[in-house]
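Report on the structure given below.
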Amino acid sequence: MAELASTSSPSFDLIAEGALGDAVDSAVLAPSLHNSQPWSFRLHPAVRPRRLDVLVDRSRHLRAIDPTGRALVQSVGAALFNARVSLAAAGWATSTCRLPDAGDPDLMAVVQLEDGPPDSDLAALNEVVGLRHTNRRSFAPGAPGVGEVAGLLAAARAEDAQLVPVLGDEQHRLLARLTQVADGRQHQDPAYRAELRRWTNRPAAAGDGIVPAAVPHVDGTAREDLPVRDFDTRGDGALPPSTGDGAEGTLVLLTTVRDDEEAWLRSGEALQRVLLEVTRAGWVASPLTQALEDAQTRQELRSALTWDRWPQSVLRIGRAPLTPGTPRRPRPEVVAEDPPA
Ligand SMILES: Cc1cc2nc3c(=O)[nH]c(=O)nc-3n(C[C@H](O)[C@H](O)[C@H](O)COP(=O)(O)O)c2cc1C
């Protein structure tokens, strides 16, 4: 917002406070592993520079499925992206400093309000932030066209990531096999099963976790090559059992050059940018990440399909009837106090 970021004035403080609060409301709509929402925020509307701190909440780290914390940080990256979009839509230019303080490892990013024009490409995504939901239905035949895929590749590139389409039967079969192997190993692990049960049986008041309305019913009739994770731990999944085999739509891998905390954070921003572009184009998507959660299958996928780049997400993209939104913790539960000076 031209010149407002650096101007001292109580009324500008109020405008900034509103924009930062809206950015938090938008951030919490991001996807996260098992809808764990592992984030918190600190708002600084009245100090110079005016800014939003984005933090990881490690009490929400799912250690059995994600021992390295890769998906934890990626989830925070997705929330960070939504905050950037919201601020751009409110007319603010921003700069983002990632992992700014080695002495405060939970501080993942600082988004600072700047003088100047907002990023119009980011602002244009704001209208679909509330419409994006993970869709675990079977997809209708038909894949995004060349132009649409090019738009998704550009979206990933804008956030320092690369999308690698899974092409042809052979690559498809490989991804299916590795997903099955990883899924099978996970289900043999009692800690994984306990964690899955915990995050699929949350009290409504918790405002988090996976809800039956968003998952396929598992009754033993579906035998998919590419298994969507079985979240139906209580047998009350509301979506049809069949989820298709991935061949109806498009499968892509999201990749990064490095595989450290900053790359994980950036990959979350890229994931969300791609998902919002998918939504804007009228498509739906779901992450399908079992093969990346097992170190061995992730390495095999890398050797076969992404070579010098690290796979960070697997996405199924297609067309399907919409699925409902999932619960979120409201703003007061995710806004943290400043630490004592
Ligand atoms: C890092 C990460 C990994 C995920 N892996 C899967 C997955 O393997 N299968 C799946 O169905 N959903 C997966 N999801 C989607 C989440 O379950 C989903 O974002 C969350 O339940 C919130 O629902 P929403 O995306 O509809 O807002 C993943 C999301 C993230 C951020």
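Structure data summary
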item	result
Boolean, THR323 is part of a helix (DSSP H, G or I), hydroxyl-bearing (Ser, Thr, Tyr) and more than 25 Å from ALA150 (Cα to Cα)	no
Hits in the range 10-40 (condition: of a type in the set (Val, Ile, Thr) and touching a Pro at 6+ places or on another chain (Cβ under 9 Å))	ILE15, VAL28
Residue match in the range 263-273 (condition: hydroxyl-bearing (Ser, Thr, Tyr) and surrounded by fewer than 23 Cβ atoms within 10 Å (Cβ to Cβ))	no
Extreme residue, nearest to the ligand (Cβ to nearest atom), among residues of the range 136-152 that are among the aliphatic types (A, V, I, L, M) and surrounded by fewer than 16 Cβ atoms within 10 Å (Cβ to Cβ)	ALA140
Selected residue (only one of LEU271, LEU305, LEU292 is away from the ligand (no atom under 16 Å from the Cβ) and either in a helix (DSSP H, G or I) or β-branched (Val, Ile, Thr) (or both))	LEU305
Hey, ASP208 surrounded by 15 or more Cβ atoms within 10 Å (Cβ to Cβ), in contact with a Phe, Trp or Tyr (Cβ under 9 Å, 6 or more places away or on another chain) and modelled with pLDDT of 95 or more or not	yes
Every residue from the range 167-200 that is over 21 Å from the mean Cα position of the chain (by Cα), closer than 19 Å to LEU33 by Cα and not in a helix (DSSP H, G or I)	ASP189
Set GLU159, GLU114: member being in contact (Cβ under 8 Å) with a residue 12 or more places away in the chain and more than 17 Å from ARG280 (Cβ to Cβ)	GLU114
Flag for GLN74 being part of a loop (DSSP other than H, G, I, E, B) and surrounded by 23 or more Cβ atoms within 10 Å (Cβ to Cβ)	no
Yes/no for ASP25 being among the acidic types (Asp, Glu), surrounded by fewer than 21 Cβ atoms within 10 Å (Cβ to Cβ) and either modelled with pLDDT of 95 or more or outside any helix (DSSP H, G or I) (or both)	yes
Selection within the range 29-59 - more than 11 Å from the ligand (Cβ to nearest atom), assigned to a helix (DSSP H, G or I) and touching a residue at least 40 places away in the same chain (Cβ under 8 Å)	ARG58
Flag for GLY282 being more than 10 Å from the ligand (Cβ to nearest atom), without any contact (Cβ under 8 Å) to a residue 60 or more places away in the chain and under 18 Å from GLY151 (Cβ atoms)	yes
In the range 69-99, the residues that are within 10 Å of the ligand (Cβ to nearest atom) and of a type in the set (D, E, K, R)	ARG70
Candidate set from the range 228-250 (those that are within 13 Å of the ligand (Cβ to nearest atom) and at negative phi); member that is surrounded by the fewest Cβ atoms within 10 Å (Cβ to Cβ)	ASP230
Long-range neighbours under 6 Å by Cβ, at least six apart or interchain, first residue touching a residue at least 12 places away in the same chain (Cβ under 8 Å) and within 14 Å of the ligand (Cβ to nearest atom) within the range 316-333, second hydroxyl-bearing (Ser, Thr, Tyr) and not in a helix (DSSP H, G or I)	ARG316/SER286; ILE317/THR250
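The values are calculated or read from the model by the stated rules, or taken from the named source; none is laboratory data. These numbers were taken from a predicted model, which means no experiment stands behind them. Virtual Cβ from ideal backbone geometry, glycine too; neighbours counted across all protein chains shown.
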